[in-house]
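The values are calculated or read from the model by the stated rules, or taken from the named source; none is laboratory data. Quick caveat: nothing in here was measured; it's all calculated off a predicted structure. With ideal geometry, Cβ positions are generated from the backbone for all residues, glycine too; neighbour counts draw on all protein chains shown.
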Amino acid sequence: MKAAVLHEFKQPLVIQEIDPPKPEDKEVLIAVEACGVCHSDLHVADGDWPQLAKIVKKPLILGHEIVGRVVEKGGAVRDLQVGDRVGVPWLHWSCGDCEFCREGNENLCSRQKITGVTVDGGYAEFAKAPASHALKIPDALSSVEAAPFFCAGVTVFRAIKQAKISRGQRLAIFGIGGLGHIAVQIGCALGAEIAAVDISEEKLTLAKSLGATHAFNAASTDVAKEFRNMGGAHAALVTSAAKSAYDMAFSCVRPSGCLLIVGLPAENICFPPILMAAREVRMQASAVGTRQDLSEILAMAAAGEVRCRTATRPLAQANEVLEQLRRGNVSGRIVLTPG
């Protein structure tokens, strides 16, 4: 099969022919129809996160927003059939037995396997996955439409869900890219008042078209002042991987508000403890999501409440797509189509 393979950090992926994987007893083999390109793929390829770089399998096939059809299944697989259309997320496998799994937080499983990090992902014509963690795709969604929800969609959905945003509250979204434009729609579906922040007028226009009430260009506007005039954000969701976005977002959160940590800068973020205490600002990080979270966001998408803006590229252009991400030139999500 054809695959885009990472051999060394900070080096281009190699488009090459390799043997397709063989499913084990509890696994399925999937003919990949679509695989979203996530900013995390870029961080993995560049070795930006030292903690993650230590566990990256090499050589590695990237990609953790996989949708395709089951073409072969192991002997112990009962709930999936050949021909079923399924998706594979970042959470490749969780044990079900550890403390976190028992608490309903399988995304924090102490023994988890990660698609496109510790096991091969979907920048290929075929991928395999545990049948237990391959979710069926609603008929209302095409494979290209569904793929981004397996990371971008579920990540922002879980973050907003954990913040317990209620109707009429102000939700600020910093970064209107692949994750941010989905977050705008989720917030609108929940009845929140959305304020979008970015440095791209094109992305801010997109946010307004998706239902954002306010759109602020951080390059030309005193964003913190604008939020003070509004009374501050009940929650600020940062999808940007820029440290400066966090610095700005922190200053926009109202007392007792919540800073939602989703975008992952390469450097550490920190805030003055005196301000955190005086304003009782909470911080809530979000680690992708569980299978339950995925089912819920896929249901929203199938009902037409949320759509991901996508563009498709052939697998052979994987390196060009990653370079577009480096330059910040991606609006929505680019999806590779290996088939």
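At-a-glance table
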{"read-out": "Residues located in region 205-223, provided they are closer than 16 Å to Ala249 by Cβ and surrounded by 16 or more Cβ atoms within 10 Å (Cβ to Cβ)", "value": "Ala207, Ala212, His214, Ala215, Phe216, Ala218, Val223"}
{"read-out": "Subset of region 300-339 that is over 24 Å from Leu206 (Cβ atoms) and touching a residue at least 60 places away in the same chain (Cβ under 8 Å) - its residue that is surrounded by the most Cβ atoms within 10 Å (Cβ to Cβ)", "value": "Ala318"}
{"read-out": "Strands (runs of 3 or more DSSP E) wholly inside region 4-83 that include at least 2 residues being within 23 Å of the chain's Cα centre (by Cα)", "value": "27-36, 66-73"}
{"read-out": "Residues satisfying the stated conditions in region 222-250, i.e. free of Cβ contacts under 8 Å to residues at least 40 places away in the same chain and over 11 Å from Phe174 (Cβ atoms)", "value": "Asp222, Ala224, Lys225, Glu226, Arg228, Asn229, Lys243"}
{"read-out": "Candidate set: region 145-190, residues that are of a type in the set (D, E, K, R) and buried (at least 23 other Cβ atoms within 10 Å of the Cβ); chosen: the one farthest from Ala207 (Cα to Cα)", "value": "Arg158"}
{"read-out": "Test result for Asp46, surrounded by fewer than 24 Cβ atoms within 10 Å (Cβ to Cβ), out of contact with any strand residue (DSSP E or B) (no Cβ under 9 Å at 6 or more places or on another chain) and modelled with pLDDT of 95 or more", "value": "no"}
{"read-out": "Qualifying position, being over 21 Å from Leu322 (Cα atoms) and either touching a strand residue (DSSP E or B) at 6+ places or on another chain (Cβ under 8 Å) or surrounded by 15 or more Cβ atoms within 10 Å (Cβ to Cβ) (or both), among Cys101, Cys95", "value": "Cys101"}
{"read-out": "Filtered residues of region 123-144 (kept if small (Gly, Ala, Ser), buried (at least 24 other Cβ atoms within 10 Å of the Cβ) and over 24 Å from Arg78 (Cβ atoms))", "value": "Ala124"}
{"read-out": "Residue ID - farthest from the chain's Cα centre (by Cα), chosen from residues in region 162-202 that are assigned to a helix (DSSP H, G or I) and within 19 Å of Glu226 (Cα to Cα)", "value": "Glu201"}
{"read-out": "Members of region 142-161 found to be part of a loop (DSSP other than H, G, I, E, B) and of a type in the set (Ser, Thr, Tyr), listed by number", "value": "Ser142"}
{"read-out": "Any hit, region 129-141, residues being outside the structural domain of Gln81 (by TED's automatic domain parsing), of a type outside the set (Ser, Thr, Tyr) and in a helix (DSSP H, G or I)", "value": "no"}
{"read-out": "Matching option when the condition is of a type in the set (A, V, I, L, M, F, W, C) and more than 30 Å from Gly122 (Cβ to Cβ), among Ile165, Ile173, Ile182", "value": "Ile165"}
{"read-out": "Identity of the residue in region 68-91, in contact (Cβ under 8 Å) with a residue 24 or more places away in the chain and β-branched (Val, Ile, Thr), that ends up nearest to His133 (Cα to Cα)", "value": "Val88"}
{"read-out": "Region 228-238, residues that are more than 17 Å from Met283 (Cβ to Cβ) and of a type in the set (A, V, I, L, M, F, W, C)", "value": "Met230"}
{"read-out": "Search result, residues across region 203-212 that are under 18 Å from Val223 (Cα atoms) and not basic (Lys, Arg)", "value": "Leu204, Thr205, Ala207, Ala212"}
{"read-out": "Test: residue in region 199-213 that is modelled with pLDDT under 95 and under 19 Å from Val288 (Cα atoms)", "value": "no"}
